[in-house]
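Asks: Shown below is the structure under consideration.
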Amino acid sequence: MSEAQMAIGIDVGGTGIKGAAIDVATGARLTSRHRVPTPEGGLPADIAREVGLMANAIRTELAGEDLDERLAALPVGVTLPGVVQHGIMRTAANIDRSWIGTDAAALFAGAIGSPCVVVNDADAAGLAEAAFGEVRDLHGTTLVLTFGTGIGSALIHNGVLVPNFELGHLEVDGHPDIERFASAKVIEREGITLAEWASRVARYLIHLELLFTPDRFVVGGSISKASAQYLPFPGVNAPVVPARFRNNAGIVGAAWLAATR
Ligand code: BGC
């Protein structure tokens, strides 16, 4: 495979940093899935260091013994769990607040040693699903929702992403920040059952239907691998499907964006 078809995607979450090299023509993974815990506190310099080390480890895995300058120059896409506007981080709900205003694209480029593109994590998942996954070639409105440490959201209309479409902090049923009531993390934090969590998410999706009338929902994030245990959500009209790339959608989308922008 030529280097032009490869890129590295690194998905920075509130809990873990995951990455791999991706075939950007198919979305297939070309290396093992690298994962380290998000450094305690989630400070920019600590995360940048881990991202730099991971990019290097992925390149080394790809190259074996012959890491040359073509592999060193592979495009790299990095996600962050907040609003990212032209490389600058604008919000930080599940990561240290010092990220706000940070030029993440410059910070990661310094740590990686080559230019990189930075994108909101849910937007990256949405891009992966639009390019290769559940939303490929589909018309109409899709809401991709990622349930992990927080709730991420991506709006895709006729294959085009509207960036930073943040729906994870809406007030729903008197809960002022739905993420704090219905992210996957609350299952562990509150000790609730998957069924109780699913009924919370169903209320959220019904609320989103009222606002946006999507043609479909795609569920990603860490909870997506267990989808057989909670789908379908009661009372939700639009079809709800798990993300094709499950919790790897962010990695795939970040790599795809880096290679195609
Ligand atoms: C952030 C989003 C992010 C989501 C998932 C939310 O708290 O506001 O930008 O996509 O968490 O990480």
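Every number in this text was worked out from the coordinates using simple rules, so none of it is lab data. Keep in mind that what you see is a predicted model, and the values were worked out from it rather than measured. Neighbour counts run over all protein chains shown; Cβ positions are idealised from the backbone, glycine included.
Asks: Residue pairs, Cβ under 7 Å, 6 or more apart or interchain, first in the range 207-225 and of a type in the set (Phe, Trp, Tyr), second within 16 Å of the ligand (Cβ to nearest atom). List them.
Replies: Pairs that qualify, where the first residue is of a type in the set (Phe, Trp, Tyr) and the partner is within 16 Å of the ligand (Cβ to nearest atom), are Phe212/Leu143; Phe217/Leu143; Phe217/Leu145.
Asks: I want to confirm something. Restricting to the range 103-138 and keeping residues that are of a type outside the set (A, V, I, L, M) and surrounded by fewer than 22 Cβ atoms within 10 Å (Cβ to Cβ), which single residue is nearest to Leu43 (Cα to Cα)?
Replies: Among those residues, the one meeting the criterion is Asp103.
Asks: A further question on this structure: Restricting the search to the range 145-158, which residues are out of contact with any Lys or Arg (no Cβ under 8 Å at 6 or more places or on another chain) and either part of a loop (DSSP other than H, G, I, E, B) or away from the ligand (no atom under 14 Å from the Cβ) (or both)?
Replies: If the condition is that a residue be out of contact with any Lys or Arg (no Cβ under 8 Å at 6 or more places or on another chain) and either part of a loop (DSSP other than H, G, I, E, B) or away from the ligand (no atom under 14 Å from the Cβ) (or both), then Ile156, His157, Asn158 are the ones that fit.
Asks: Mind listing just one residue for me: the one in the range 60-111 that is part of a strand (DSSP E or B) and in contact with a Cys (Cβ under 7 Å, 6 or more places away or on another chain) and, of those, nearest to the ligand (Cβ to nearest atom)?
Replies: The qualifying residue nearest to the ligand (Cβ to nearest atom) is Val78.
Asks: Only one of Arg136, Arg203 is among the basic types (Lys, Arg) and assigned to a loop (DSSP other than H, G, I, E, B). Can you tell me which?
Replies: Arg136
Asks: Still on this structure, I have one more. Restricting to the range 173-185, name every residue that is surrounded by fewer than 18 Cβ atoms within 10 Å (Cβ to Cβ), more than 10 Å from the ligand (Cβ to nearest atom) and on the phi < 0 side of the Ramachandran plot.
Replies: Hits for the range 173-185 are His175, Pro176.
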